[in-house]
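Here is the structure we will look at, set down as C-alpha cells.
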Amino acid sequence: MTLRERLEWVSRMSLLVFILASAAFLSAITAMRVAIHGREVTMPNLVGKNVTEASHLLRSRGLVLRVADRVYSDLPTNVVVRQTPTAGLLMKVSQQAHVVLSLGQRQLTIPRLEGTTLRVSRIEMLREGLQIGEVSNITLPKVPADTVVIQNPKPGTGAATPRVDVLVSQGDRDKAYVMPHLVGLNETDAQHRLDVAGLRRKVNYVTAPQWPHGAVVDQTPLAGSRIAASAPVELTIAL
C-alpha cells in the first residue's frame, strides 16, 4: 500500500469515526430531551374545585398540593380560590402547586344606619371595620337633610359584603323663582316685589346723577335668571 493510499484510508476512517460520534451525540441529546420532557406535565385548572378533588387531580399527574392561605370569598368552604402556578404551565413531576382556599362568606354584622346622619353612619361603619358604599340622594320634605332613609344590606348578621349602600334625604326642595326685572323701578316698588316673593335682599347705594333718586340701577341676578328662595338679591340704588 502506497503512502497516498494509506493517507486516503486514514481520512476515510476519520470521517467515519466523526460521523458515528456525531450520530451518538445527537442520539444522546434526543434521549435526554425525551427523558426531560417525559417528566413534565401540564398544570391543571384547580380554581373552583374542592380541595380533595384538586389534590387527587394533582396526584394523578405526579404533582403535590400545598395550601398557601385561606381567605373569605363567595365560594364555598375549602374550594380553591387561586393557584400558583397558573393552569396550562409545564411542571416537573413532584413539583408543588400552591393554592388559596375559601373560608366561605364572612358573616358580617351590619349596624342600623337608617335615621342617622350620613356623617354618623360613616363613623359607625369605620368603627365596625365596614364602609359606606354607593350614596344616592332623594328629596323628602318631611325628612331632615343628610339623614339616611334606606340602607342595603339591612341591619343584622349574614351580609356577604362589607359595603353598605345608602339612600340619603336632601330635605325639602328649595322653591325657585324667575328673577323679575327691577331696574328702573324705585326702591320701594322693587322691595315690595321681593317681599311678595319671599326673597331676601341686599341693597347698595351709589351716586348716579343720570338716574332718578331712589331708582334701581342694577340688580343681581339679572332679570330672567332662576333664583332659589334662599338666595339673596342684590340691588344697587341711585342716590
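The numbers here are math on the coordinates, done by the rules we state, and not lab data. Bear in mind that the values here come from a model prediction, so they are computed numbers and not experimental data.
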Task: Interatomic Cα distance distribution for the chain, bins of 10 angstrom, percent - done: 7, 15, 10, 11, 11, 9, 8, 8, 7, 5, 4, 3, 2, 1, 0
TODO: Please grab the % of Cα pairs in region 41-102 that end up more than 13 Å from each other.
DONE: 53 percent
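When only Cα pairs under 8 Å and 6 or more residues apart are kept, what is the percent relative contact order across region 41-102?
47 percent
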- [ ] Work out the count of Lys pairs in the chain where the Cα-Cα distance is under 29 Å, with the pair 8 or more places apart or on different chains.
- [x] 4
Open item on the list: Using only DSSP helix segments of four residues or longer, with each worth -39500 (n - 2.57), what per-residue ellipticity at 222 nm results for the chain after dividing by its residue count and rounding to 500?
Closed with: -9000 deg cm²/dmol
- [ ] Have a look at 219, 170, 151 and tell me which one the Gaussian network model of the chain (Cα, springs below 10 Å) gives the largest fluctuation.
- [x] 219
